[in-house]
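Throughout, read-outs are computed from the coordinates displayed, never taken from laboratory work. Predicted, not measured: the structure shown is a model, and the values here were computed from it. Cβ atoms come from the backbone with ideal geometry, glycine included; neighbour counts cover every protein chain shown.
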Amino acid sequence: MQKKKNCTKNYHTDTRLITTGRPTEDHACFVNPPVIHASTVLFESTDHLYSGKAKYSYGRRGTPTTNALCDALTDLEGAAGTVLTPSGLAACSLALLSACKSGDHVLITDSVYEPTRNFAAQVLTPMGVDVEYYDPRIGGEINELLRPNTSAIFTESPGSQTFEMQDIPAIVEAAHARDILVLLDNTWATPLFFDSMGHGIDITIQAGTKYIVGHSDVMLGTISANERAWSRLYEVHGAMGYHVGPDDVYLALRGLRTMSVRLKQHQASAMALAKWLQARPEVDRVLYPALESDPGHAIWKRDFTGACGLLGFVLRDCSQKQAFAFIDALELFGLGYSWGGFESLVTYVDPRGYRTATTWDEPGRLLRLHIGLEDADDLKADLEKGFAALVTPR
Ligand SMILES: *Cc1c(COP(=O)(O)O)cnc(C)c1O
């Protein structure tokens, strides 16, 4: 038997990533929890079942495997509780469903992950929720958009395509003065680089698919809430019937153990490449809040403790055809959605098509890079091939 229990609170975060979510009572002497495939739970007696005292009741409502991951995230986030969803998008939609009802007004950042915007249009609006988008740079002036029926503000900082930083403490202050919940899609910073609960966020979301899992092989979402939001979130999660399979939960727990060392490398390489890109004559602007030149740098420096591997850059005087030639010339950067895995990725981004509260008027072409764990010099050499391909006729 292991000698100590879950006394992780006094350790530094890197140590807690190793010790948390490993309850000894459910898996005896093994380092990792068992992968429990379960629907039915067998009870010892009618008393055990009907007294409501059993720890586990049914596979959908939690197993030792799912509880280990929920407990780890609750601990890391300093939250009252955590629920798991089958994708990051399901985490965004469930968090919103738990925070509003028909007749309410909900504010969503204009820089939000586009499928979250689609959920609002396809589900919240037809349900009778009044959805309004706001400029991500609004800060405390969000006060002027609050109405008597506003129930929630959905933030994402920085936006995962356009990288605007939000003044979360100012938004929280305005919202809490009127008893409005503040939600955050914290996928970019992860719990390691932005302390959601410490900054007053009520409900914080991770697309676990990204850095928690870290290996591009699982879809997963996590939602952690403070005391104020937890009981309603837990009820709605149970009512919706969400459950995540044990193999995927196991891979997320495994990914969590190395998340800090991976992020340190993602951050170092992303910073090196951001500075290198910034010095290129073909590049108009690099979008990475950790860079001093970024318009959101002051907020990033005040509130965050690190930056991940996701950044954008604008190619100057460039046609779409030339930007596509840049992408097609790359070998190490895969062309594909998602990010947060060990490998580098590139996508072409055009925010003009979906913005409603703000306009995106960069004259150049926006590319998004996920800087993976390859050698940074090899990634630079790969991008050189992209720059060389810009000679393609317009
Ligand atoms: C990827 C992503 C999501 C959705 O996660 P999935 O697991 O792909 O559904 C949500 N928010 C942000 C910011 C993302 O990057």
I need the chymotrypsin sites (Phe, Trp or Tyr not before Pro) found in the range 309-341, filtered to DSSP loop residues with at most 12 other beta carbons within 10 Å of theirs. 337
Taking the Cβ of residue 314 as the center, what net charge do the other residues with Cβ under 15 Å away carry, scoring Lys and Arg +1 and Asp and Glu -1? -2
Please list, in order along the range 36-45, the HN-Hα scalar couplings obtained from phi with the Karplus expression 6.51 cos²θ - 1.76 cosθ + 1.60 (θ = phi - 60°), rounded to whole Hz, x for Gly and Pro. 9, 8, 8, 10, 6, 10, 8, 9, 6, 6
At a 10 angstrom cut-off on C-beta neighbours, averaged per residue, how do the peptides 123-133, 267-277 rank from highest to lowest? 267-277, 123-133
Report the charge-dipole magnitude of the range 13-257 in Debye, nearest 20, computed about the Cα centre from +1 at each Lys and Arg Cβ and -1 at each Asp and Glu Cβ. 620
Cα-based Debye curve of the range 136-261 sampled at q = 0.12, 0.13, 0.21 Å⁻¹ gives log₁₀ I(q)/I(0) of -0.51, -0.59, -1.25
What whole-number value in cubic angstrom gives the convex hull volume per residue for the C-alpha atoms of the chain? 147
Taking the Cα centre of each part, how many Å lie between the range 194-268 and the range 152-190? 17
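Could you check what % of the DSSP bridge pairs in the range 144-267 are antiparallel, to the nearest 5?
On the way: 5 of 13 bridges.
Antiparallel bridges make up about 40 percent of those DSSP assigns within the range 144-267.
Let me have the 222 nm mean residue ellipticity of the chain computed from DSSP H runs of 4+ only, each contributing -39500 (n - 2.57), with the sum over all residues rounded to the nearest 500.
Numbers: 14 runs with 136 residues, N = 394.
It lands at -10000 deg cm²/dmol.
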Averaged over all viewing directions, the convex hull of the alpha carbons in the range 22-112 casts a projected area in nm² of 9.3
May I have the extent of the alpha carbons of the range 27-177 along their three principal axes, as whole Å values ordered from largest to smallest? 58, 35, 29
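Taking each pair of distinct Cα atoms in the range 259-391 once, what is the resulting Kirkwood hydrodynamic radius in Å?
Working: mean 1/r = 0.0658 Å⁻¹.
Kirkwood hydrodynamic radius for the range 259-391: 15.2 Å.
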Among 59, 89, 312, the residue whose Cα sits farthest towards the positive end of the charge dipole of the chain (+1 at Cβ of Lys and Arg, -1 at Cβ of Asp and Glu, taken about the Cα centre) is 59
To the nearest 10 degrees, how steeply does helix 64-77 sit against the main Cα axis of the chain, on a 0 to 90 scale? 60
In the chain, with Lys and Arg counted as +1 and Asp and Glu as -1 at Cβ, which of these residues, 201, 76, 300, has the Cα nearest the positive end of the dipole, that is, farthest along it? 76
The range 22-112: chymotrypsin sites (Phe, Trp or Tyr not before Pro) falling in loop per DSSP and having at most 14 other Cβ within 10 Å: 30, 43
With axes computed from alpha carbons, what is the tilt in degrees of helix 246-257 against the longest principal axis of the chain, rounded to the nearest 10 within 0 to 90? 60
